[in-house]
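Here's the structure we're looking at; comments come further down.
Please treat every number below as a calculation from the coordinates, not as lab data. Note that the structure is predicted; figures quoted are calculated from it, not measured. When we count neighbours, we look across all protein chains shown, and the Cβ atoms used for this are built from the backbone with ideal geometry, even at glycine.
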Amino acid sequence: MIRCDKIRFAYPNAAFDLRIDSLEVRKSETIAVVGPSGCGKTTLLNLIAGNLLPQTGTISVADVEIGSLKLGERQKFRIQKIGMISQSFDLLDYLTVRENITLPYRVSGALKMNRAVKKVCEAMAERTGIVQHLEKLPAQLSTGERQRVAVCRGLVNQPELILADEPTGNLDSENQDRIISLLLEEASRIGATVMMITHERVLCDRFDRSLDLLALRREASK
Amino acid sequence: MNWSGLVFLGFRYVERNRGKVVLLIAAFTLVWLLPLSIGLVVKRAETELRSRAIDTPLLLGHTGSALELTFNGLYFTKPGVTTLPFRVVEDVFDMEIAEAIPLYARFLASGHRIVGTSLDYFKFRGLELAEGRALLRLGECVIGAGVAVSEGLGEGDYLISSPETFFDLAGVYPLKMQVVGVLAPADTPDDNAVFVDPKTAWIIEGLGHGHVDAKDAPAEQRLAALDNSESVNLNAAVVYYNEITEENATSFHFHGDTEDYPLTAVIVLPDSVKSRAIIKGRYAPNEQLQLISPEEEMDELFDTVFNVQTLVVWLLGLVGAATLLIGGLVFLLSYRLRCEEFSHLRRLGADVWTLRALVAFEAGFVIAFSLLLSGVGLLVIDQIAPVLIGSLLG
């Protein structure tokens with residue numbers, strides 16, 4: 001599903017330098033990415049999503065080399081194939097829960113809003129226990145409920161790859177557990193690959209494998 | 001770009017931030033509307049006032065404010081102008097180079113000005129009767145189309161003049177006048193006037209009256225001490241008629257010389273340019289009377305009005321520019337607050353043009369809506385402009 005070959009990425013005017021020799025993730029595999037702050041976990045996710053491009057090396061997702069796509073194509077590819085969930089939920093406070101979940105269909109020309117999407121949204125909300133909040137605004141929800149909305153939005157387009165950047169970072173342990181279960185269940189239902197950043201080593205057991213990014217970088221530096 | 005999504009998000013944002021948006025729309029609407037409405041009202045006033053002034057060659061009145069005389073003679077306002085005697089009309093006719101139309105615009109009937117004038121006035125203004133006939137005898141009135149509509153009156157109905165004050169025991173009795181004609185709409189102040197013969201106006205003022213023949217008056221209405229076979233003096237118990245009918249018309253009479261009776265203005269119609277110059281020369285040295293050209297008075301008035309208007313519009317322009325700058329600042333701050341939101345949308349697939357359009361949507365919505373409201377406001381002001389102008393004239 002994901003293949004990274006000899007990639008190197010550095011931000012301009014910064015000492016940060018991310019190098020990975022080789023990384024491969026199979027389809028439907030679930031991976032927890034761990035490592036200390038500043039080691040490049042979020043950068044790696046952005047590289048895989050195509051939000052950033054490596055200075056050298058190649059990254060392929062679903063057999064498509066991200067770097068070979070033009071900006072618009074890359075964006076379209078990301079919207080159609082990848083679901084992203086962030087720690088800060090990224091919900092728009094002036095939209096209802098329902099509108100937030102289907103937001104990718106509103107803003108992207110690559111996705112078309114239709115009745116089926118609304119049904120998927122409602123079914124997902126039902127499974128994640130937020131169906132009664134569909135017409136509420138995010139401000140009316142608890143933190144855990146807001147994160148569930150973010151998970152639903154990340155999965156609403158039934159992506160092949162889910163990139164989650166510490167989606168449980170703001171939650172208590174009970175909610176962390178519920179969100180991880182939810183994410184993995186939904187991913188399993190649609191056969192999606194999951195790559196999730198976490199600081200909680202205890203959560204790694206819930207994934208097929210964990211990836212220590214610092215170790216991976218050290219390997220590449222040798 | 002996803003147009004439907006853009007419109008959806010734009011409207012949702014505006015809807016959920018309606019407090020801010022409503023304030024901005026109100027402020028922007030005032031920025032457009034105020035200078036435009038001032039310009040519109042002044043333009044309408046100028047057109048309305050000047051056209052009537054151009055149509056009125058000369059106006060004769062008592063010395064005093066030329067502008068008040070113009071307003072009384074043309075628009076029947078300013079009823080407090082100093083009066084001039086009726087004999088002035090005869091004087092003008094005696095010159096044989098001009099016609100004169102008397103005007104006595106002082107009293108009201110149901111809020112409408114009663115204008116005492118001659119039949120020549122209707123011909124001069126080109127006023128046509130929509131129903132009924134012209135004035136023939138005392139106590140009759142011909143009403144303007146506006147009076148007919150607002151009071152629901154027609155031929156054969158009655159209209160009662162309003163007493164000037166309830167405590168004026170000496171005179172200005174209410175007179176019940178019969179409507180004998182209704183004028184066709186003219187879109188001028190004539191529409192809201194009640195036309196009577198000058199003598200009827202004088203009766204309203206109490207200068208003429210009608211009552212039972214003194215010799216036939218009951219004893220309780222006589223002042224016995226002054227009673228003799230030649231003349232009879234009546235006391236305050238005498239009953240005055242408040243309506244002039246065929247039966248009592250002959251009992252109406254005026255005390256004193258009617259040539260001394262008051263008029264508020266006289267329209268003078270010289271028969272040539274030369275006659276106009278002669279008449280002006282004739283009245284120039286007169287310390288009691290003034291002969292004015294309404295058109296010149298209006299030119300002078302509007303010169304002043306335009307100067308004030310220019311100043312006001314400049315000031316409003318400055319205030320408007322400040323308001324627009326503050327509005328711009330609000331949009332800028334709004335954009336800054338939404339930067340994070342836009343980066344989320346970018347990650348969710350919004351292209352750069354969608355984001356730019358989304359930023360412009362709020363400003364565009366506010367500007368478009370405020371322009372729309374201003375347009376509606378201007379239409380409303382255009383409709384009520386005659387009323388506004390009328391109230392400004394007093």
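Answer with one residue from A:109, A:143, A:13: the one whose Cα lies farthest towards the positive end of the charge dipole of the range A:2-221, charges on Cβ with Lys, Arg +1 and Asp, Glu -1. Highest projection toward the positive end goes to A:109.
Only helical DSSP H runs with n ≥ 4 go in: add -39500 (n - 2.57) per run for chain A, normalise by residue count and round the 222 nm mean residue ellipticity to 500 deg cm²/dmol. -11500 deg cm²/dmol, from helical runs alone.
Spin-label model, residue B:271/residue B:131: points 7 Å from Cα along the beta carbon direction are separated by 4.0 nm. Using every pair of separate Cα atoms, the Kirkwood estimate puts the hydrodynamic radius of the protein assembly as shown at 32.5 angstrom. At q = 0.11, 0.12, 0.15 Å⁻¹, what is the base-10 log of I(q)/I(0) for chain B according to the Debye formula with one equal point scatterer per Cα and no solvent? Please give it to two decimals. One equal scatterer on each Cα of chain B leads to -0.88, -0.97, -1.29. As a calculated quantity, the FRET efficiency between residue A:118 and residue B:17 at R0 = 22 Å, using C-beta atoms, amounts to about 0.30. By the combined test of axial Cα extent (at least 27 Å) and Kyte-Doolittle hydropathy (mean at least -0.5), the qualifying DSSP H helices of chain B come to B:18-54, B:294-337, B:352-393. One quarter of the surface of the convex hull around the alpha-carbon atoms of the range B:1-104 equals 12.3 nm², the direction-averaged projected area. When only the Cβ of Lys, Arg, Asp and Glu is charged (+1, +1, -1, -1), the dipole of the protein assembly as shown relative to its Cα centre reaches about 5820 debye. With the charge dipole of chain B set up from +1 on Lys and Arg Cβ and -1 on Asp and Glu Cβ about the Cα centre, the Cα lying farthest toward the positive end among the listed residues B:156, B:9, B:24 is that of B:9. What the Cα convex hull of the range A:86-211 gives, in volume per residue, is 102 Å³. Extending 7 Å from Cα along the Cβ direction at residue B:353 and again at residue B:259 yields two label points whose distance is 9.0 nm. Springs join every pair of Cα atoms under 10 Å in this Gaussian network model of chain B, and among B:144, B:73, B:256 the largest mean-square fluctuation is at B:256.
Kirkwood radius and radius of gyration were both taken over the C-alpha atoms of the range A:2-221, and their ratio Rg/Rh is 0.96.
Largest mean-square fluctuation among A:139, A:150, A:116, in a Gaussian network model of chain A whose springs join Cα atoms under 10 Å apart, belongs to A:116. Under a 5 Å amide H cut-off, with hydrogens placed 1.01 Å from N, residue B:160 pairs with B:177 among residues at least 5 apart or on other chains. Its residues counted as N, the range A:6-73 yields a C-alpha radius of gyration over 2.2 N^0.38 Å of 1.13. Here the gap between residue A:135 and residue A:68, fully extended at 0.36 nm per residue and compared with their Cα-Cα distance, gives a gain of 20.0 nm.
Here the dipole of the range A:2-221 is about 700 debye; that uses its Cα centre as origin and unit charges on the Cβ of Lys and Arg (positive) and Asp and Glu (negative). By other beta-carbon atoms within 10 Å, ranking B:315, B:324 with the fewest at the front produces B:315, B:324.
For the protein assembly as shown, the residue among A:207, B:93, A:170 whose Cα projects farthest onto the positive side of the dipole built from Cβ charges is A:207. Counting only Cβ charges, +1 for Lys and Arg and -1 for Asp and Glu, the dipole size of chain B around its Cα centre is about 2940 debye. Comparing B:306, B:76, B:361 in a Gaussian network model of chain B, where Cα atoms under 10 Å apart are tied by springs, the biggest mean-square fluctuation is seen for B:361.
With 24 Å as the limit on Cα-Cα distance, the pairs of A:6/A:41; A:41/A:119; A:81/A:112; B:199/B:274; B:20/B:43 that go past it are A:41/A:119; B:199/B:274; B:20/B:43.
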